[in-house]
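Undergrad: Here it is, the structure, as structure tokens.
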Amino acid sequence: MVASMLSLSAPPFLSRCPLRSASCFSHGRIDFSKHRWGARRLLVLPVKCLSSEPSQDAESEAETTTPASSSSSSSNLTYKWYVGLGAIGFVETTYLTYLKLTNSDAFCPIGGGTCGNILNSDYAVVFGVPLPLIGMAAYGLVASLGLQLTRKNLPFGMDESNGRLILLGSTTSMAAASAYFLYLLGTKFSGVSCSYCLMSALLSFSLFFITLKEFRLEEIQKVVGLQLCIASLVFVTLNTSYRASLPISSSLVEVDLPYFSTEITTTSSPFALSLAKHLHSIGAKMYGAFWCSHCLEQKQMFGLEAAKLLDYVECFPDGFRKGTAMNKACSDAGIEGFPMWVINGQALSGEQELLELARASGLKYDNSSQLT
């Protein structure tokens, strides 16, 4: 009788792991088969091999995801800066637009009343459009685009790259305009302080440098030509506008006159004194300029004593230079030349005889004594 023999075997390929640095584990199963010589017990060990290292695809995906999420977070922060700075500029220019359209005095925390002088000057208008209104539109565009880019919800089906290009063009034009205005402030308004002008320039330059930081060097090199064209267009537009709108007198274009007082050398007659008192009592006003020779001659007619009784309004109390605006009282009265009298709502332009002023004001007089 042949004794049964027990053999335990495993296929040779199961003893190897096909992957490097892999961990092998098995699940056992016993299979019995009949043989004419006896029973053979076969233990089959199915082997699975698992890699102990992360796959290359997983590594590359992780490496790609981390910088992308970091870049997205940085872009969102930049867009929020657009919203914040743009909103501040929008509020400032809205206030200045209101002052310009209502012809109101500007509150100037630094520099006294010089902010109003600049706001009412010829340089505060570009082709008939108030400059603060243009700034309000520019700051509003930047703030709204920044908000929409933060929400990834751009209008007209624009993608993010187009939105960023619009921001680049807008901030480039704003920075170019601010540089031009700072040049004017230093050359045409020397010695004048304008806190609103400086604040707007700071906001514009900040938005411009934030935009440059957002673009990579390779992207900037591609669009630097576009930026130069935008800046040049801004300079040409502003220069053309200011050349077209000359100050009040073309003969004073390049004149810089500091304010000076004039001396009256004549003595007042009784009629001149009475007329001056009467004009003062009815609220009549004489508008003039310190450099106007006809204004001085008009005062000479009244004489020293009577001239002191007149309600005289100096339209350029801080001197005259290119771009200087008239005093608000003069601009409100619609002064077009000097001197100008406003008597009982009637405007009289030019130098007037005392008798004419007496008739316009309703002063009673006769030809013999000139006064009753």
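Undergrad: Out of all the residues in region 217-235, is one or more closer than 22 Å to LEU96 by Cα, of a type outside the set (Lys, Arg) and at pLDDT 90 or above?
TA: As a first pass, look at region 217-235 and keep what is closer than 22 Å to LEU96 by Cα: 234.
Still in the running and of a type outside the set (Lys, Arg): 234.
If we keep only those that are at pLDDT 90 or above too, we end up with 234.
There is at least one residue in region 217-235 that is closer than 22 Å to LEU96 by Cα, of a type outside the set (Lys, Arg) and at pLDDT 90 or above.
Undergrad: Go through (1) in contact (Cβ under 8 Å) with a residue 24 or more places away in the chain; (2) open to solvent by 20 Å² or more (accessible area, probe 1.4 Å); (3) out of contact with any Leu (no Cβ under 9 Å at 6 or more places or on another chain) for ARG164 and report which single condition fails.
TA: The single condition ARG164 does not satisfy is (3).
Undergrad: Considering only region 231-242, I want to know if a residue exists there that is among the small types (Gly, Ala, Ser), under 28 Å from SER74 (Cα atoms), open to solvent by less than 60 Å² (accessible area, probe 1.4 Å) and assigned to a helix (DSSP H, G or I). Outline the logic, then answer.
TA: Keep residues of region 231-242 that are among the small types (Gly, Ala, Ser), which gives 231-232, 241.
Those left that are additionally under 28 Å from SER74 (Cα atoms): 231.
Subset that is open to solvent by less than 60 Å² (accessible area, probe 1.4 Å): 231.
Those still in the list that are assigned to a helix (DSSP H, G or I) too: 231.
Checked region 231-242: at least one residue is among the small types (Gly, Ala, Ser), under 28 Å from SER74 (Cα atoms), open to solvent by less than 60 Å² (accessible area, probe 1.4 Å) and assigned to a helix (DSSP H, G or I).
Undergrad: Inspect all residues belonging to region 297-316 and state whether any of them is within 31 Å of the chain's Cα centre (by Cα) and closer than 25 Å to VAL125 by Cβ.
TA: As a first pass, look at region 297-316 and keep what is within 31 Å of the chain's Cα centre (by Cα): 315-316.
Pick out the ones that are also closer than 25 Å to VAL125 by Cβ and you get 315-316.
Yes - at least one qualifying residue is present in region 297-316.
Undergrad: Still on this structure, please answer the following. List the pairs whose first member sits in region 294-323 and is touching a residue at least 60 places away in the same chain (Cβ under 8 Å), whose second member is part of a helix (DSSP H, G or I) and open to solvent by less than 40 Å² (accessible area, probe 1.4 Å), and whose Cβ atoms are under 8 Å apart, counting only residues at least 6 apart or on separate chains?
TA: PHE320/LEU252; LYS322/LEU252; GLY323/TYR123; GLY323/LEU184
Undergrad: Since LYS299 meets every condition but one in (1) surrounded by fewer than 19 Cβ atoms within 10 Å (Cβ to Cβ); (2) under 22 Å from SER268 (Cβ atoms); (3) of a type in the set (Lys, Arg), which condition does it not meet?
TA: (1)
Undergrad: All but one of (1) modelled with pLDDT under 85; (2) assigned to a helix (DSSP H, G or I); (3) among the small types (Gly, Ala, Ser) hold for GLY140; state the number of the condition that does not hold.
TA: Against the list (1) modelled with pLDDT under 85; (2) assigned to a helix (DSSP H, G or I); (3) among the small types (Gly, Ala, Ser), GLY140 comes up short only on (1).
Undergrad: Search region 256-296 for residues being among the aliphatic types (A, V, I, L, M) and open to solvent by less than 40 Å² (accessible area, probe 1.4 Å), and hand back the single one that is farthest from the chain's Cα centre (by Cα). Before the answer, list the steps.
TA: First, pick out the residues of region 256-296 that are among the aliphatic types (A, V, I, L, M): 257, 264, 272-273, 275-276, 279, 282, 284, 286, 289, 296.
Adding the requirement that they be open to solvent by less than 40 Å² (accessible area, probe 1.4 Å) leaves 264, 272, 275-276, 279, 284, 286, 289.
On the way: ILE264: 48, ALA272: 54, LEU275: 52, ALA276: 50, LEU279: 47, ALA284: 43, MET286: 40, ALA289: 35 Å.
Here the residue is ALA272.
Undergrad: In region 114-124, what residues are touching a helix residue (DSSP H, G or I) at 6+ places or on another chain (Cβ under 8 Å) and either open to solvent by 40 Å² or more (accessible area, probe 1.4 Å) or farther than 18 Å from TYR98 by Cβ (or both)? Give the steps one after another, and end with the answer.
TA: Here is the first cut: in region 114-124, the ones touching a helix residue (DSSP H, G or I) at 6+ places or on another chain (Cβ under 8 Å) are 115-116, 118-120, 122-124.
Listed by number, the residues that qualify are ASN120, ASP122, TYR123.
The values are calculated or read from the model by the stated rules, or taken from the named source; none is laboratory data. Note that the structure is a prediction, hence the values are computed from the model and not measured. Methodologically, a virtual Cβ is constructed for each residue, glycine included, from the backbone with ideal geometry; neighbour enumeration extends over all protein chains shown. In case anyone asks, the SASA skips ligands and DNA or RNA and just uses the protein heavy atoms, side chains included. Shrake-Rupley method; radii C 1.70, N 1.55, O 1.52, S 1.80 Å.
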